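I have placed the structure first, in the form of structure tokens, so that the comments after it can refer back to it.
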Amino acid sequence: MKFPSVFLIVILLFLNFSCSKEKEKISIVEEESLEMQMIQAYNEGLKELDKGDPLYAAKKFNEAELLYPQSIWAPRAALMAAYSYFSNFYYGDAVLELEKFLDKYKNHPRRDYAYYLLALSHYDQIIDETKDLNEILKAKKYFEIIIKKYPSTEFALDSQYKLELIQELLASKEMYLARYYVDREKWIPAINRFKTVVQYYDSTIYIEEALHRLVELHYKIGLINESKQYAALLGYNYQSSKWYEESYGILNKDYVKISKRKNKKKEESLINKFKDLLK
């Protein structure tokens, strides 16, 4: 009676093993099928991108990522979707794709490229520094991340250059606001804006004018010592600047009179020489 029981157990084990092997084969076939579908979708995305249809290309790249998310091609497809949007100026969609990529693929080797594309997506939206402050600040944030995290990459060099331009834009915005307050004779807010340029944007082209305006405004409201301090700072660093000459003229009225008198004499001398030629 024991023999049939043992025989039955052997048969059941064999059937179970056969089913397991069959399931494994099916699983492998399905996985290969998914990979082929993913590669096909990815290649279709490349073709559509070449044809100039970035929206459909991005759709195919997204499809490729979703078909086989465990594949090494999935993050590549995600990056290509972002690039498709970016290359045809769909910056908002590119930003969404890149933020999703950076959140999802935290150890991917091309995160440097993703950050760079994200920074450019904000940078390229800057049209007017007086209005696009949010885009300026976001671009600045991501360029700084690239320089800090990936200093030896090719993206870091361009990021440094772009940051210098952003500094100029931010300084320009402060100067714009300062002049706005000056036009309305709001001296203290204007002074604070010019001080911001001196404190945070001293490497920009606006530093000399900002120092001069601080000389001018402090003199205007009766803070002569402060005016002299900014004039000294301007003279020490930019003595050959036209702004220093103007600041010097504010604090030395005689200089303006002498300067004008010299110019007048020079003009008269030239006139007289010209008259001599006519004789």
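Classify the stretch 101-200 from the C-alpha gyration tensor, please: rounded if a/c falls under 1.5, else prolate or oblate depending on whether a/b exceeds b/c.
Prolate, because a/c is 1.5 or more and a/b exceeds b/c.
Using Cβ contacts closer than 10 Å as the measure, can you line up Trp73, Trp187 from fewest to most?
Trp187, Trp73
Near Ala81, within a Cβ-to-Cβ distance under 9 Å, what is the net charge of the other residues, with Lys and Arg +1 and Asp and Glu -1?
The answer is -1.
With only Lys, Arg, Asp and Glu charged, each at its Cβ (+1 for the first two, -1 for the last two), find how big the charge dipole of the stretch 66-132 is about the Cα centre; round to the nearest 20 debye.
460 debye
Only counting other Cβ atoms within 10 Å, I'd like Val215, Val198 sorted with the fewest neighbours first.
The fewest-first ordering by Cβ neighbours comes to Val198, Val215.
Count neighbours as other Cβ atoms within 10 Å of each site's Cβ, and list the chymotrypsin sites (Phe, Trp or Tyr not before Pro) in the stretch 77-165 that are DSSP loop with at most 14 such neighbours.
Here the sparse-neighbourhood loop sites are Phe89.
What does the charge count near Glu129 come to, summing +1 for each Lys or Arg and -1 for each Asp or Glu among other residues with Cβ under 11 Å from its Cβ?
Summing Lys and Arg as +1 and Asp and Glu as -1 gives -3.
Taking the Cα centre of the stretch 100-203 as the origin, how large is its charge dipole in debye, to the nearest 20, when only Lys and Arg (+1) and Asp and Glu (-1) carry charge on their Cβ atoms?
In debye, rounded to 20, the stretch 100-203 gives about 520.
Longer than 21 Å from Cα to Cα, which of Lys141/Lys162; Lys104/Lys131; Lys104/Lys149; Lys60/Lys106; Lys106/Lys149 are they? Say none if no pair is.
Lys104/Lys131; Lys60/Lys106
Can you put Leu163, Leu49, Leu118 in order, fewest other beta carbons within 10 Å first?
If I rank by nearby Cβ atoms, fewest first, I get Leu163, Leu49, Leu118.
At what distance in angstrom do the alpha carbon centres of the stretch 125-172 and the stretch 54-110 lie from each other?
Result: 23 Å between the Cα centres.
Using the Cβ atoms and a cut-off under 15 Å, what net charge is assigned to the surroundings of Glu226, where Lys and Arg are +1 and Asp and Glu are -1?
For residues surrounding Glu226, the net value is +3.
Between Leu66 and Asp158, what length comes free when the chain is fully extended (0.36 nm per residue of separation minus the Cα-Cα distance, one decimal in nm)?
29.8 nm
Read the figures in this text as sums done on the coordinates, not as results from a lab. The structure presented is a predicted model; accordingly, all values stated were derived computationally and were not measured. Quick reminder, even Gly has a Cβ in these numbers, built from the backbone with ideal geometry, and neighbours come from all protein chains shown.
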